[in-house]
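The values are calculated or read from the model by the stated rules, or taken from the named source; none is laboratory data. Not measured: the values here are computed from a predicted model. Here Cβ is always computed from backbone atoms with ideal geometry, including for glycine, and neighbour counts include all displayed protein chains.
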Amino acid sequence: MGEKDTKKEQNTQTVVREFEPADQPAVQQIFYEGLMEMVPDTAFRALRHHPESVLLYTAMTVICFTVTMSWWVIGLLPVIVLSLRYFYSRRVIHGYLRKAMSTDMGDIERFYMKSPGSYMWVAVLQGRVVGVVAALIQQDESGVVVELQRMSVARNHRHCGVGSALGQKVIEFAASHGYSSVFLGTTAYNPAAHRLYQRLGFRCVGVTNGYVTPGATQSLMEWIFYRVSHHHYRINLSKN
Ligand SMILES: CC(C)(COP(=O)(O)OP(=O)(O)OC[C@H]1O[C@@H](n2cnc3c(N)ncnc32)[C@H](O)[C@@H]1OP(=O)(O)O)[C@@H](O)C(=O)NCCC(=O)NCCS
């Protein structure tokens, strides 16, 4: 059986169901691993999307060279800049993780399953949890809306339609309850996340540049070495 057939079979065997207390360790692990992938994503891939940062690092290099007149500076500065970007991305994302673990992700049953307006689903393949997604009901100017959160799929079960099945679950849930739209925000630069949401029918409705990630300290060093944009996606469900 080819890789494509195996993935197709995994897709048909995957079941999406409500979170159960015994799922907590697996869900936390998948959430943690997905989040840690954001470290190289924001440290390195994000650079391509932030010309202002490249300009700033170039100016820093020119100033350092003018002051020191050393070619070593030209050679070493890019390495130092990339290391600092990695360091600060890791620090902010750890801060974000700590915040999540001290709120919803620390006691999932209480936050998502016992509180009104919060829900979590898991994707299960052969008895193992391979993906997670959550939904929060909110009120905004357009009516009652659903925020999609915590989307993550275990690395070796990606590209099999698990993320799509989880996203579809949230959309179906919102539609069946008559909520007007589903929205989400992401600072991911990996094409997988954007492709997934676009494939599900979401449209990018705005971008916040210089977004302050929950858990960030907003220090000058973070401002220089950790810069992300927050993409807002929305799908309208109102019947015309
Ligand atoms: C984003 C994520 C949830 C996608 O899950 P998945 O199960 O692989 O998604 P699917 O298999 O349902 O694929 C959905 C679409 O995205 C595309 N896709 C998946 N991975 C991709 C990748 N690495 N590059 C480009 N497109 C990708 C698929 O091809 C598919 O589009 P198609 O049907 O047009 O081919 C997963 O990569 C993940 O958990 N990443 C880490 C955590 C993260 O970034 N979460 C989102 C934060 S908001």
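Which of the residues belonging to region 102-124 are crowded, with 21+ Cβ neighbours inside 10 Å and in a helix (DSSP H, G or I)? Answer for region 102-124, where residues must be crowded, with 21+ Cβ neighbours inside 10 Å and in a helix (DSSP H, G or I): Ile108, Tyr112. Here is the figure for region 146-157: residues that are surrounded by fewer than 16 Cβ atoms within 10 Å (Cβ to Cβ) and either within 9 Å of the ligand (Cβ to nearest atom) or in a loop (DSSP other than H, G, I, E, B) (or both) total 1. Residues in region 23-32 include at least one that is in contact with a Ser or Thr (Cβ under 6 Å, 6 or more places away or on another chain), among the aliphatic types (A, V, I, L, M) and either within 22 Å of Asn209 (Cβ to Cβ) or within 15 Å of the ligand (Cβ to nearest atom) (or both). Of the numbered criteria (1) in contact with a helix residue (DSSP H, G or I) (Cβ under 9 Å, 6 or more places away or on another chain); (2) closer than 24 Å to Arg17 by Cβ, the one Ile74 fails is (2). Among the residues of region 158-187, the one identified as part of a loop (DSSP other than H, G, I, E, B), within 21 Å of Gln138 (Cα to Cα) and within 12 Å of the ligand (Cβ to nearest atom) is Thr187. Against the conditions (1) surrounded by fewer than 16 Cβ atoms within 10 Å (Cβ to Cβ); (2) among the β-branched types (Val, Ile, Thr); (3) modelled with pLDDT under 95, Val207 satisfies every one except (3).
So that you can scan it fast, the table gives a plain yes or no per residue for (1) outside any helix (DSSP H, G or I); (2) free of Cβ contacts under 8 Å to residues at least 60 places away in the same chain; (3) under 30 Å from Arg128 (Cα atoms):
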{"residue": "Asn11", "(1), (2), (3)": "no, no, yes"}
{"residue": "Val16", "(1), (2), (3)": "yes, no, yes"}
{"residue": "Ser53", "(1), (2), (3)": "no, no, no"}
{"residue": "Thr58", "(1), (2), (3)": "no, yes, no"}
{"residue": "Thr66", "(1), (2), (3)": "no, yes, no"}
